[in-house]
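The values are calculated or read from the model by the stated rules, or taken from the named source; none is laboratory data. Keep in mind that this is a model prediction, so the values were computed, not measured. Quick reminder, even Gly has a Cβ in these numbers, built from the backbone with ideal geometry, and neighbours come from all protein chains shown. Note: areas computed on protein heavy atoms with side chains; ligands, DNA, RNA excluded. Shrake-Rupley method; radii C 1.70, N 1.55, O 1.52, S 1.80 Å.
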Amino acid sequence: MPRKVTMYTAQWGDLPFEEVAKTMSEFGYDGLELKSTGDRPTDHFNVHAALDDPHYCSRKHEILENYGLGCWALSAHSYGQCILDDVDFRHRPMLPDYLWGDGNPEGVRARCVEEMKLTAHAAKKFGVSIVNGFTGSGIWQWFYSFPPVPQSKIDEGYQKLADLWIPILDVFQECGVKFALEVHPSEIAFDLYSAQRTLESLGSHPAFGFNFDPSHLVWQGVDPVEFLRMFPDRIFHVHMKDVLRTLNGRSGILSSHLPWGDRRRGWDFRSPGRGEVDFEEIIRELNVLGYDGPLSVEWEDCGMNRYHGAREAVEFVRSMDFEPSRVAFDAAFDTGKKA
């Protein structure tokens with residue numbers, strides 16, 4: 001049976017929840033991956049309202065059902081980022097006032113840790129078993145080790161991951177919910193080997209896995225299919241996002257402090273099917289792994305109208321998705337079998 005195609009609502013955060021639902025239903029999506037928006041008026045998903053208002057979750061489900069949509073994952077990227085990061089001015093626009101408070105970094109961190117635990121409880125109440133998100137990283141800033149970084153500082157970063165995140169993951173496990181880290185530059189896990197160390201540092205916690213997004217791997221030169229093969233039992237969710245490198249002899253993958261969409265950059269995100277991600281090989285590997293969860297479009301393309309992009313993205317993802325054969329191709333010669 002074809003996988004569900006969903007839209008991640010982060011890039012639509014300026015629109016009210018019902019408007020996003022109506023639009024994506026009209027475009028042909030099966031559901032939404034809901035970004036936790038705190039107390040913002042667009043209200044895609046409010047963790048505290050979900051826990052405190054006895055009717056909040058049912059009202060959300062009613063709107064989704066009215067448009068023929070489902071929800072299989074929530075997103076907690078913004079406040080997850082603040083848990084391991086060195087919190088500063090960059091984080092202020094990402095957080096609602098009640099999490100930012102007076103901006104004291106340790107206070108922000110503590111509030112975000114509690115918010116993540118509450119998110120696990122809210123997901124359980126909402127009937128969703130996956131929360132996607134970020135962890136942040138206190139050591140990403142040292143990815144290029146000059147001036148030289150002692151290995152002990154890197155070890156401290158992974159120890160801090162264990163100290164802060166294992167108690168969070170224990171709450172997720174108690175709730176029957178899993179946390180899926182989007183492997184991504186600026187996170188504690190940004191490529192294959194850092195993801196491996198992250199998993200080891202967390203003691204292979206059963207509530208921890210990955211939200212697989214090939215776009216963040218491709219521009220680094222990492223083969224996304226190899227990532228799937230290395231973590232076959234930890235792929236909890238999938239983002240469908242494309243990327244294109246334009247390394248023309250002047251540009252590089254570090255992108256020269258240039259903004260998204262600047263043609264001088266060495267790479268940029270593209271609407272699915274318009275970049276260099278080999279989605280067919282990814283689908284084939286997901287079939288091998290037995291992944292049957294959603295294919296969630298995270299739409300980011302500075303050069304394209306988002307409505308045009310969202311409409312064509314759902315068609316592209318459906319065209320890429322296919323069921324595996326249950327028998328060998330030459331079994332068709334045996335008239336008693338069907339491929």
With a point put 7 Å past each Cα toward its Cβ, work out how far GLU26 is from ASP233 in nm, to one decimal.
4.6 nm
Which whole-number percentage describes the relative contact order of the chain, with Cα contacts under 8 Å and a sequence gap of 6 or more?
16 percent
What is the spin-label model distance, in nm, from GLN220 to ASP86 if the labels are put 7 Å beyond Cα along the C-beta direction?
2.0 nm
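What order do you get for 269-278, 226-235 when each peptide is scored by the mean count of other beta carbon atoms within 10 Å, highest first?
Those peptides, ordered most packed to least, come out 269-278, 226-235.
Kirkwood Rh over Cα pairs of region 67-110 into Stokes-Einstein at 37 °C, 0.692 mPa s: D in µm²/s? All intermediate terms of the calculation are to be shown ahead of the outcome.
Working: Rh = 11.7 Å.
In µm²/s, the coefficient rounds to 282.
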Restricted to the chain, the DSSP antiparallel beta bridge percent, nearest 5, is 15 percent
What size of dipole, in debye to the nearest 20, comes out for the chain about its Cα centre when the only charges are +1 on Lys and Arg C-beta atoms and -1 on Asp and Glu C-beta atoms?
360 debye
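Within the chain, what whole-number % of the accessible surface is contributed by carbon and sulfur, with the 1.4 Å probe and all protein chains included in the calculation? Could you put the intermediate results ahead of the total?
Details: 8320 of 15760 Å².
So the carbon and sulfur contribution to the accessible surface is 53 percent.
Compute the FRET efficiency between GLU62 and LEU289 as 1/(1 + (r/R0)^6), taking r as their Cβ-Cβ distance and R0 = 45 Å, and round to the nearest 0.05. Walk me through the numbers before you get to the answer.
Working: r = 34 Å, r/R0 = 0.76.
With R0 = 45 Å, the Cβ-Cβ based efficiency is 0.85.
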Net charge near GLY157: determine it from the other residues with C-beta under 13 Å of the C-beta of GLY157, scoring Lys and Arg +1 and Asp and Glu -1.
-3
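Peptides 7-16, 280-289: what's the order by average Cβ count within 10 Å, highest mean first? Walk me through the intermediate numbers first.
Values: 7-16: 18.5, 280-289: 16.7.
Output ranking for 7-16, 280-289: 7-16, 280-289.
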For the chain, just give the cysteines left without a disulfide-compatible partner, judged by no other Cys Cβ under 4.7 Å.
CYS57, CYS71, CYS175, CYS302
How much length, in nm to one decimal, is gained on full extension between CYS302 and ARG197, taken as 0.36 nm per residue of separation minus their Cα-Cα distance?
34.5 nm
Kirkwood radius from Cα pairs of region 225-331 plugged into Stokes-Einstein at 25 °C, 0.890 mPa s, gives D in µm²/s equal to 157 µm²/s
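Considering only protein heavy atoms, with the full assembly of protein chains and a 1.4 angstrom probe, order TYR56, TYR193 by accessible area, largest first. The partial results should precede the final answer.
On the way: TYR56 15, TYR193 160 Å².
Putting TYR56, TYR193 in descending order of accessible area: TYR193, TYR56.
Could you report region 171-325's accessible area per residue, 1.4 Å probe, as an integer in Å²?
On the way: 6770 Å² over 155 residues.
Result: 44 Å² of accessible area for each residue.
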Ranked output for segments 209-218, 315-324 by mean other Cβ atoms within 10 Å, highest leading, reads 209-218, 315-324
Three semi-axes of the equivalent ellipsoid, the chain, Cα gyration tensor, whole Å, largest first:
30, 26, 22
Starting from 0.36 nm per residue, how many nanometres of slack lie between GLN173 and LYS125 once their C-alpha separation is accounted for?
15.9 nm
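With r as the distance between the Cβ atoms of TRP142 and ARG263 and R0 = 51 Å, compute the FRET efficiency 1/(1 + (r/R0)^6) and round to 0.05. Don't jump to the answer; show the numbers that get you there.
Working: r = 30 Å, r/R0 = 0.59.
FRET efficiency, ARG263 to TRP142: 0.95.
For the chain, what does the helix formula give at 222 nm: sum of -39500 (n - 2.57) over DSSP H segments with n ≥ 4, over the residue count, nearest 500 deg cm²/dmol? Mind showing how you got there, number by number?
Values: 12 runs with 134 residues, N = 339.
Counting only the DSSP helices, I get -12000 deg cm²/dmol.
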What is the P(r) of region 8-95, as percent of Cα-Cα pairs per 10 Å bin from 0?
17, 48, 26, 9, 0
Could you work out the local net charge near ARG270, counting Lys and Arg as +1, Asp and Glu as -1, over the other residues with Cβ closer than 14 Å to its Cβ?
-3
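Just to be sure I understand: if I project the alpha-carbon convex hull of region 39-162 onto a plane and average over all orientations, what area do I get in nm²?
Working: hull surface 37.0 nm².
Computed as one quarter of the Cα hull surface, the answer is 9.2 nm².
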